[in-house]
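Working notes, structure below.
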Amino acid sequence: MSGYSQIQTSIEAGVARIELDRPQQYNALNRKMVSEIANALESFDRNERVAVVLLSGRGKVFSAGADIDEMMNDNPIHLELLNQFTDWDRITKIKKPIVGAVQGLVLGGGFELALSCDLLISAAKTEFAFPEVELGVMPGAGGTQRLTKLAGRTKALEWLFTGERISAEEALKHNIINRIVQPEVLEEESLKFAMKLAQKPPLSLRLIKDAVNQADHTSVEEGMQYERKNFYLLFASNDQKEGMKAFVEKRKPRFEGR
Ligand code: CAA
């Protein structure tokens, strides 16, 4: 029993799965769901059986965004006291790679959740959008920042101002997603991809993610100093010894994450 009511979780071959589980509401993200996602991610981050997390949504749509029913009567003081975005901040602190698998529609907060993943695999014909502008609001969980970093100011402003849908092909072209697969093989292909990543030395994945995250807010020079320290740190691991020994001995390495 996972104890979660809005998501389903499982672990298989080093891959922990988190599935949004409100398909009747198009996986609209209520606050409980976001909090459960953050709790599950933190628990998988500490779990030695987990190397990679795969995040997906059940049903025909990945997520139609934040739950509008829940927030329609909100006021600024309630929002301030609720401090709901701390759960979103917790997602950004996860050290293990997060692969997202998306289909159907990826809207608003659902798009922001997808952009919180490290890599994204999308089913063909999936559409992405920030429709918040139609509701008299704007993205609040990182959408303006993350989309701009990936696609650049010009396209980000166009999409955020208009709320227009972005096709999977355009998303691929603008570095928003990593690859497109046929809808019927999305689950199989994304799981296969996550399992392949889970074979890599976990400490390398962790410190690569950590170093790449630095690139968001440091100069190249400072980032390179940071990278160097992570590079040195890996020489303290058994996996570095094993990886290089296996190469010299012409055999497959057996990584253990230490
Ligand atoms: N919040 C709450 N419920 C939602 C929802 C949302 N964001 N999106 C869909 N649903 C619910 C609908 O109310 C409906 O439930 P009922 O059957 O109980 O009425 C069910 O999901 C199916 O939706 P529709 O009947 O509308 O299905 P459709 O196929 O006609 O349209 C849709 C699908 C285009 C996704 C449409 O539902 C829609 O436009 N949804 C809202 C999308 C949106 O504006 N998202 C942004 C939210 S704001 C945000 O995310 C803020 C942030 O940055 C944190």
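The values are calculated or read from the model by the stated rules, or taken from the named source; none is laboratory data. Quantities reported herein were computed from a predicted structural model and do not represent experimental measurements. Note that we place each Cβ from the backbone using ideal geometry, even for glycine, and neighbour counts take in every protein chain shown. Note: areas computed on protein heavy atoms with side chains; ligands, DNA, RNA excluded. Shrake-Rupley method; radii C 1.70, N 1.55, O 1.52, S 1.80 Å.
What number comes out for accessible area per residue over the stretch 177-245 if the probe is 1.4 Å? Units Å², please. Walk me through the intermediate numbers first.
Numbers: 4670 Å² over 69 residues.
Each residue of the stretch 177-245 exposes 68 Å² on average to a 1.4 Å probe.
Leaving ligands, DNA and RNA out of it, rank R258, R251 by accessible area with a 1.4 Å probe, largest first.
Numbers: R258 130, R251 75 Å².
Largest accessible area first, the residues go R258, R251.
Using the Karplus equation 6.51 cos²θ - 1.76 cosθ + 1.60 (θ = phi - 60°), what ³J(HN,Hα) coupling, rounded to whole Hz, does each residue of the stretch 13-22 give in order, writing x for Gly and Pro?
Listing the rounded values in order: 6, x, 10, 8, 9, 10, 10, 5, 10, 10 Hz.
Along the charge dipole of the chain, pointing to its positive end and built from +1/-1 on Cβ of Lys, Arg, Asp and Glu, which listed residue (M33, A215, A123) has its Cα farthest out?
A215
Counting only protein heavy atoms and a 1.4 Å probe, tell me what percentage of the stretch 7-198's accessible area is made up of carbon and sulfur. Intermediate results must be reported in sequence, preceding the final value.
Details: 4820 of 9330 Å².
Here carbon and sulfur together make up 52 percent of the probe-accessible area.
Below 8 Å between Cα atoms, with a sequence gap of 6+, how large is the relative contact order for the stretch 108-155 in percent?
Values: 26 pairs, mean separation 23.0, N = 48.
Across the stretch 108-155, relative contact order equals 48 percent.
Leaving ligands, DNA and RNA out of it, report the carbon-plus-sulfur percent of the accessible area of the stretch 202-248 at a 1.4 Å probe.
On the way: 2170 of 3360 Å².
Result for the stretch 202-248: 65 percent of the exposed heavy-atom area is carbon or sulfur.
Which ³J(HN,Hα) values, rounded to whole Hz and listed in residue order, are derived for the stretch 103-118 from phi using the Karplus coefficients 6.51, -1.76 and 1.60 in 6.51 cos²θ - 1.76 cosθ + 1.60 with θ = phi - 60°, glycine and proline given as x?
For the stretch 103-118, the Karplus curve yields 8, x, 10, 10, 10, x, x, x, 5, 5, 5, 4, 6, 7, 6, 7 Hz.
For labels at L79 and M195 in the simple 7 Å Cα→Cβ model, what's the distance in nm?
4.3 nm
Using modelled amide H (1.01 Å from N, peptide plane; none on Pro or chain starts), what sits under 5 Å from the amide H of L55, excluding residues fewer than 5 places away?
Amide H neighbours of L55: I18, V99, G100, A101.
Which residue, E36, E127, E227, tops the fluctuation ranking in a GNM of the chain built on C-alpha contacts under 10 Å?
Top of the fluctuation ranking is E227.
Could you work out the local net charge near G14, counting Lys and Arg as +1, Asp and Glu as -1, over the other residues with Cβ closer than 12 Å to its Cβ? All intermediate terms of the calculation are to be shown ahead of the outcome.
Numbers: positive: R17, R49, K96, K196, K200; negative: E12, E48, E256.
Its environment carries a net charge of +2.
Ignoring everything but the protein chains, give the 1.4 Å probe accessible area of F161 in square angstrom, nearest 10.
Number for this one is 150 Å².
Working from Cα positions, state the angle (0 to 90°, nearest 10) between the long axis of helix 202-214 and the longest principal axis of the chain.
Value to nearest ten degrees: 50.
Using a Förster distance of 25 angstrom, determine the FRET efficiency expected from the C-beta separation of D216 and K125, and round it to 0.05.
On the way: r = 30 Å, r/R0 = 1.22.
Approximately 0.25, to the nearest 0.05.
Any idea how far the Cα center of the stretch 1-76 sits from the one of the stretch 147-186, in Å?
22 Å
Using a 1.4 angstrom probe with every protein chain in place, what is the largest-first accessible-area order of M33, M71? Working shown, then result.
On the way: M33 0, M71 70 Å².
From most exposed to least exposed: M71, M33.
Measure up K95/K149; K93/K241; K60/K209 against 26 Å on the Cα-Cα distance and list the ones that go over. Mind dumping the intermediate values first?
On the way: K95/K149 20 Å; K93/K241 28 Å; K60/K209 30 Å.
Listed pairs above 26 Å: K93/K241; K60/K209.
With 35 Å as the cut-off, how large is the P(r) tail for the chain, expressed as percent of Cα-Cα pairs?
Numbers: 5731 of 33153 pairs.
Across the chain, Cα pairs with separations above 35 Å total 17 percent.
When the Karplus curve 6.51 cos²θ - 1.76 cosθ + 1.60 is applied with θ = phi - 60°, which whole-Hz ³J(HN,Hα) does each residue of the stretch 183-193 get, with x for Gly and Pro?
The phi angles translate into x, 5, 10, 4, 5, 4, 5, 6, 5, 4, 5 Hz.
Do the sum for the chain: with -39,500 (n - 2.57) for every DSSP H run of n ≥ 4, divided by all residues, what is the mean residue ellipticity at 222 nm, to the nearest 500 deg cm²/dmol?
Details: 12 runs with 120 residues, N = 258.
Calculated mean residue ellipticity at 222 nm is -13500 deg cm²/dmol.
Restricting attention to the stretch 168-241, which chymotrypsin sites (Phe, Trp or Tyr not before Pro) occupy a DSSP loop and are surrounded by at most 15 other Cβ atoms within 10 Å?
When the chymotrypsin sites (Phe, Trp or Tyr not before Pro) of the stretch 168-241 are filtered for loop state and at most 15 Cβ neighbours within 10 Å, F235 remain.
Taking the Cα centre of the stretch 202-248 as the origin, how large is its charge dipole in debye, to the nearest 20, when only Lys and Arg (+1) and Asp and Glu (-1) carry charge on their Cβ atoms? Please list the in-between numbers first.
Working: 6 positive and 7 negative charges, 51 e Å.
So the magnitude is around 240 debye.
How much accessible area per residue does the stretch 1-99 have, counting only protein heavy atoms and a probe of 1.4 Å, in square angstrom?
Working: 5150 Å² over 99 residues.
Per-residue accessible area for the stretch 1-99 comes out at 52 Å².
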